[in-house]
Amino acid sequence: MENHTKERLQDPTMQVPSLNCIDLADHDLHRSVVSLKQACLDSGFFYVINHGINEEFMEDVFEQSKKFFALPLEEKMKVLRNEKHRGYTPVLDEILDPENQVNGDHKEGYYIGIEVPKDDPDYDKPFYGPNPWPDSDVLPQWRETMEKYHQEALRVSKDIGRLLALALDLDANYFDTPEMLGKPIATMRLLHYQGVSDPSQGIYACGAHSDYGMMTLLATDGVMGLQICKDKNAKPQKWEYVPAIKGAYIVNLGDMLERWSNGFFKSTLHRVLGNGQERYSIPFFVEPNHECLVECLPTCKSESNVPKYPAIKCSAYLTQRYKETHAELSIYNQEI
Ligand code: OGA
Ligand code: NI
C-alpha cells in the first residue's frame with residue numbers, strides 16, 4: 001500500500017503510513033493480539049473494524065453533530081464548557097501546540113462525559129458530573145443519540161482494552177476492574193473544523209499533540225486532515241496523512257498508557273490540517289477510574305528495565321493536561 005501511495009502522490013508530505021487493522025470479530029484471537037501489539041510498539045495507531053456499531057447510527061450521530069454546530073453562536077454559548085470539561089468549546093479555545101501555533105486550534109467542539117447527577121456521591125470527582133444539553137425543542141433526539149453513542153463507544157473501548165491487556169501479557173480482564181475500565185472516565189467530543197491551515201504561519205486546525213489518556217477511538221466524516229509524526233525528534237519532522245476507512249475507527253494510544261507501560265507502547269504525535277473543506281470528527285477519549293494509580297504495569301518492568309515514570313493518580317494527571325491546553329473559563333465572562 002505504501003509504495004502505491006507514494007507513486008500516486010508526488011508531494012512527500014502526502015505519504016500515508018500503513019497501519020494495522022484489528023478485526024474485533026476475528027475468531028483468531030492470537031492473530032489480533034500479535035497485530036495489535038505490533039501496532040502499539042510501532043506508532044500506537046491502528047484501525048479497528050467490525051466493532052458492532054451500526055453505520056446508519058454513526059451517520060445519525062454525525063448529522064446531529066452538524067445540526068449543533070450549525071446553530072447561531074449565541075445558542076451554542078448557552079451550553080459553554082463548564083469547569084467539569086463538559087459542553088461547547090468555541091473556535092480558538094484550545095491550543096495544543098503553543099510553541100508552533102499563533103492562535104488556538106481552528107475548530108469548535110462539544111464535550112460529553114459520563115452523566116452523574118448532582119446528588120450522586122461521585123459528583124465531586126473532577127471528570128464526573130451532569131452534561132449540559134442543548135434545548136430539546138431546538139435539537140430533538142440530540143441527547144438520546146449522543147448518550148447512545150457514548151454507551152456503544154464505551155463497549156467497544158472495553159473490547160479493545162481486553163486485547164490491549166493480552167498484548168501486554170496481562171490477563172484479558174486486567175483492565176475490567178472498577179479501578180480501571182469498569183468505572184472509567186470516558187469523554188466523547190464532537191469536533192467541527194473549518195478553514196485552511198498554514199503551518200508556515202502557525203495556523204492549524206488542530207495543533208500537534210499526543211492524547212492524554214489511555215486510548216482514543218476516532219470516527220471521522222472521511223475528509224482528510226489527520227496526520228501523524230512517528231518520530232517527534234526527527235529533523236525535519238515527517239508528517240503522514242492517516243486516511244479514514246469507512247466504518248472503521250482510527251484508534252490511538254495516549255500518554256497515560258505509554259507511561260503505564262513504561263514507554264513500551266507508543267503514544268504518537270498527531271495534528272489536523274484543514275484544506276478548506278469542512279470536517280467533522282468525533283474522538284472518544286478513554287481513561288481508567290479517577291482513583292486509578294497509573295504506575296508501571298507488572299509485565300513492563302524487570303531488573304534491567306526499571307520503571308521510568310513516577311506513579312500518578314489518573315485524575316491528577318488529566319486535570320493537569322486539560323489545564324495546560326484550554327483557555328481560562330473567565331475570559332468568556334468578560335466577552336459576553
Ligand atoms: C483529538 C484529535 C483528530 C481529528 O481531538 O485529540 O487528535 O481527526 N483529533 O479530529
Ligand atoms: Ni488527538
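For PRO243, the criteria (1) open to solvent by less than 20 Å² (accessible area, probe 1.4 Å); (2) under 17 Å from the mean Cα position of the chain (by Cα); (3) away from ligand 2 (no atom under 16 Å from the Cβ) hold in every case but one, which is (1). Pairing residues of the stretch 201-220 that are at positive phi with residues that are assigned to a loop (DSSP other than H, G, I, E, B), at Cβ distances under 7 Å and at least 6 apart in sequence or on separate chains, gives GLY202/ASN100; GLY202/GLN101; GLY202/VAL102. When the residues of the stretch 252-273 are filtered to those that are away from ligand 2 (no atom under 15 Å from the Cβ) and out of contact with any Leu (no Cβ under 8 Å at 6 or more places or on another chain), the one that is most open to solvent (accessible area, probe 1.4 Å) is ARG259. Identify all residues within the stretch 162-198 that are crowded, with 20+ Cβ neighbours inside 10 Å and without any contact (Cβ under 8 Å) to a residue 40 or more places away in the chain; write none if there are none. Passing the criteria: ARG162, ALA165.
Considering only residues in the stretch 288-311 that are in a strand (DSSP E or B) and under 14 Å from GLU179 (Cα atoms), the one that is farthest from the chain's Cα centre (by Cα) turns out to be LEU293.
Could you tell me whether the stretch 276-284 includes any residue that is in contact with a Cys (Cβ under 7 Å, 6 or more places away or on another chain) and either without any contact (Cβ under 8 Å) to a residue 60 or more places away in the chain or open to solvent by less than 20 Å² (accessible area, probe 1.4 Å) (or both)?
Checking the stretch 276-284: not a single residue is in contact with a Cys (Cβ under 7 Å, 6 or more places away or on another chain) and either without any contact (Cβ under 8 Å) to a residue 60 or more places away in the chain or open to solvent by less than 20 Å² (accessible area, probe 1.4 Å) (or both).
Give the stretch 123-152 a look and list any residue that's part of a loop (DSSP other than H, G, I, E, B), open to solvent by 40 Å² or more (accessible area, probe 1.4 Å) and more than 25 Å from CYS292 (Cα to Cα), or say none. Steps first, please.
Within the stretch 123-152, the first condition is being part of a loop (DSSP other than H, G, I, E, B), and the residues that meet it are 125-128, 130-141.
Next, from what is left, pick out any that are open to solvent by 40 Å² or more (accessible area, probe 1.4 Å): 125-126, 130, 133, 135-138, 140-141.
The answer is TRP133, ASP135, SER136, ASP137, VAL138, PRO140, GLN141.
For the stretch 187-202, the set of residues classified as under 19 Å from SER281 (Cα atoms) and either more than 16 Å from ligand 2 (Cβ to nearest atom) or within 10 Å of the chain's Cα centre (by Cα) (or both) consists of THR187, MET188, ARG189, GLN194, GLY195, VAL196, listed by residue number.
Would you confirm, using the coordinates I've provided, whether LYS235 is free of Cβ contacts under 8 Å to residues at least 60 places away in the same chain, basic (Lys, Arg) and open to solvent by 30 Å² or more (accessible area, probe 1.4 Å)? It is true that LYS235 is free of Cβ contacts under 8 Å to residues at least 60 places away in the same chain, basic (Lys, Arg) and open to solvent by 30 Å² or more (accessible area, probe 1.4 Å).
Considered as a group, the residues in the stretch 73-107 that are in a strand (DSSP E or B) and within 16 Å of ligand 2 (Cβ to nearest atom) include one that is surrounded by the fewest Cβ atoms within 10 Å (Cβ to Cβ), and that residue is GLU94.
The values are calculated or read from the model by the stated rules, or taken from the named source; none is laboratory data. In this text, all values refer to a predicted model and were calculated from it rather than measured experimentally. Positions of Cβ are generated from backbone atoms using ideal geometry, with glycine treated the same way; all protein chains shown enter the neighbour counts. With ligands, DNA and RNA removed, areas are computed over all heavy atoms of the protein, side chains included. Shrake-Rupley method; radii C 1.70, N 1.55, O 1.52, S 1.80 Å.
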